[in-house]
Amino acid sequence: MHRKEFPLFPFVNVNDVTHVIQLAVAPVFLLTAVGTFIGVLVNRLSRIVDRIRVLEKKHESLTAEEVNFRYIELALLGRRLRTIYIALSCEVSCGLTVGVIIASAFIDAIVSINLSTWIAGLFVLAMLAFISGLAAFLREIFLAVQSTRASMRLEFF
């Protein structure tokens, strides 16, 4: 049986690389999900920053109660900003880790060293980062709802 080999890597079988490409498809889908999620987080981040800029403008005609509410809202927006930052950091870390997983899988196939334990550990790390980002995102949603409820209370009372 004749083996096809890569000219630069004479010991690498085409079937091995094809198998690695097949295995790399699932992490690529994960990267797509992470990239979409990062887009959502960046959009929320920009809305928070825009709202902070609006609130930080000085208005002389505000009552003492409105000024107090503005400080409360700014504090809540600051918490939301930090939470989104944590979520973004986790998701970017997940994406970077998945990229290293894919590269490690190819290195494993080309160099013929066993990196399966390393790859499995990285995958667990990537999943922990992804889950942490989702948890931080959920926390930010709770904070957003809390700020909406607070502003509704001020309007109705």
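At full extension, Ala26 and Val111 could sit 28.4 nm farther apart than now, given 0.36 nm per residue minus the alpha carbon distance. Between the listed residues Leu76, Ser93, Pro27, the Cα displaced farthest toward the positive end of the dipole of the stretch 21-157, a dipole computed from Cβ unit charges relative to the Cα centre, is found at Leu76.
The dipole here belongs to the stretch 36-128: it is taken about the Cα centre, uses +1 on the Cβ of Lys and Arg and -1 on the Cβ of Asp and Glu, and is about 200 debye.
Any read-out appearing in this document is the output of simple, stated calculations on the displayed coordinates, not a laboratory observation. Because the structure is predicted, anything quoted here is derived from the model rather than measured. Here the Cβ is made from the backbone with ideal geometry for all residues, glycine too, and neighbour counts use every protein chain on show.
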